[in-house]
1. Quick one: how many residues across the range 62-97 are surrounded by 22 or more Cβ atoms within 10 Å (Cβ to Cβ) and among the charged types (D, E, K, R)?
2. So how many residues does the range 121-140 have that are assigned to a strand (DSSP E or B) and open to solvent by less than 10 Å² (accessible area, probe 1.4 Å)?
3. Return a yes/no flag: does the range 49-61 have any residue that is open to solvent by less than 20 Å² (accessible area, probe 1.4 Å) and among the β-branched types (Val, Ile, Thr).
4. Please note which strands (runs of 3 or more DSSP E) are completely contained in the range 6-89 and include at least 3 residues that are closer than 26 Å to residue 250 by Cβ and more than 10 Å from the ligand (Cβ to nearest atom).
5. Scanning for something part of a loop (DSSP other than H, G, I, E, B) and surrounded by 22 or more Cβ atoms within 10 Å (Cβ to Cβ), does the range 112-119 turn up at least one residue?
6. How many residues are assigned to a strand (DSSP E or B) and over 24 Å from residue 20 (Cα atoms) when one looks only at the range 210-252?
7. Taking residue 100, is it at pLDDT 95 or above, under 16 Å from the mean Cα position of the chain (by Cα) and within 15 Å of the ligand (Cβ to nearest atom)?
8. Search the range 213-230 for residues that are touching a residue at least 12 places away in the same chain (Cβ under 8 Å) and pair each with any residue that is assigned to a helix (DSSP H, G or I) and open to solvent by 50 Å² or more (accessible area, probe 1.4 Å) when their beta-carbon atoms are under 7 Å apart and the residues are at least 6 apart or on different chains.
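The values are calculated or read from the model by the stated rules, or taken from the named source; none is laboratory data. As the structure is a computational prediction, the values presented were derived from the model and not from experiment. Cβ coordinates were reconstructed from backbone atoms using ideal geometry, including for glycine residues, and neighbour counts include every protein chain displayed. Heads up: the accessible areas ignore ligands, DNA and RNA and are worked out on the full protein's heavy atoms, side chains in. Shrake-Rupley method; radii C 1.70, N 1.55, O 1.52, S 1.80 Å.
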Amino acid sequence: MSFTAGADAYDRFMGRYSVPLAPQLADFAGITAGRRVLDVGCGPGALTAELVRRLEPDAVSAVDPSESFVAAARQRHLGVVVQRAAAEQLPFGDEAFDAALAQLVVHFMADPIRGLREMARVTREHGVVAACVWDHAGGQGPLGVYWRAVLELDPDAEDESQLAGAREGHLGELFRAAGLHEVEEGVLSVDVEHPSFEEWWEPFMLGVGPAGAYAAGLDAGRQAQLRERCRELLPAAPFVSTARAWAARGLV
Ligand SMILES: C[S@@+](CC[C@H](N)C(=O)[O-])C[C@H]1O[C@@H](n2cnc3c(N)ncnc32)[C@H](O)[C@@H]1O
């Protein structure tokens, strides 16, 4: 999946969930001062910002294949070296980091096992590789209501439930297949308040990720139908959206 949307659109659509998720993934991975850490699939930098808060900027490196996100991450996180690269081919030597993290990225990798192997290669022996992916298969991620409404109206639509790591236990399987040791799994969860239905819905119209791409491909009538079905499925505003992510960590 290539992300061509701008950073501001990403912030409004997914950043509202990934920013509060970042400290949880960093805690789960045991990131504390003194480590050198790689943020894989950094996007505009939700996790990068959390890593910089815990470490010095020059202890943090980040990569992403999206040109617009790399530009935004460089601008937002001065002192962090941000490079354009995919997880499957990381531009670093062996054992360059103490830890490599991927927040909401494994499900978008063309080859998740190869990507995780690369993350392990650039991490020192006994260092940590950690990742998380929304629970798209269980419908408990931030897009659960949206994909439910889509499938009611268009049963042939392709949602994100089949993607790598999106079902319970699958991230752990991928970590073990990539050769990581002492793999442990966990659940991360964020609560995000939505002041109005429009504030929840409008970012779906910005074309970000598979959900945004699907909405952008609908004509105005079908978009309106989808919006109204989402409104029916959601609680009355203001409401809190609780989003759950599967997490896994392993040692090199
Ligand atoms: C949902 S965003 C997550 C961004 C950021 N980590 C966050 O938590 O907000 C998914 C990111 O994965 C990136 N991505 C897609 N394929 C990738 C790959 N093969 N390797 C690394 N990153 C990839 C996208 O460009 C996008 O920035």
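1. 1
2. Going through the range 121-140 one residue at a time, the tally reaches 8.
3. Looking for residues that are open to solvent by less than 20 Å² (accessible area, probe 1.4 Å) and among the β-branched types (Val, Ile, Thr), one finds at least one in the range 49-61, hence yes.
4. 81-84
5. No, the range 112-119 has no match at all.
6. The number of residues fulfilling the criteria is 1.
7. Against the criterion (at pLDDT 95 or above, under 16 Å from the mean Cα position of the chain (by Cα) and within 15 Å of the ligand (Cβ to nearest atom)), residue 100 qualifies.
8. Matching pairs, first to second residue: 225/153; 226/153; 229/152; 229/153.
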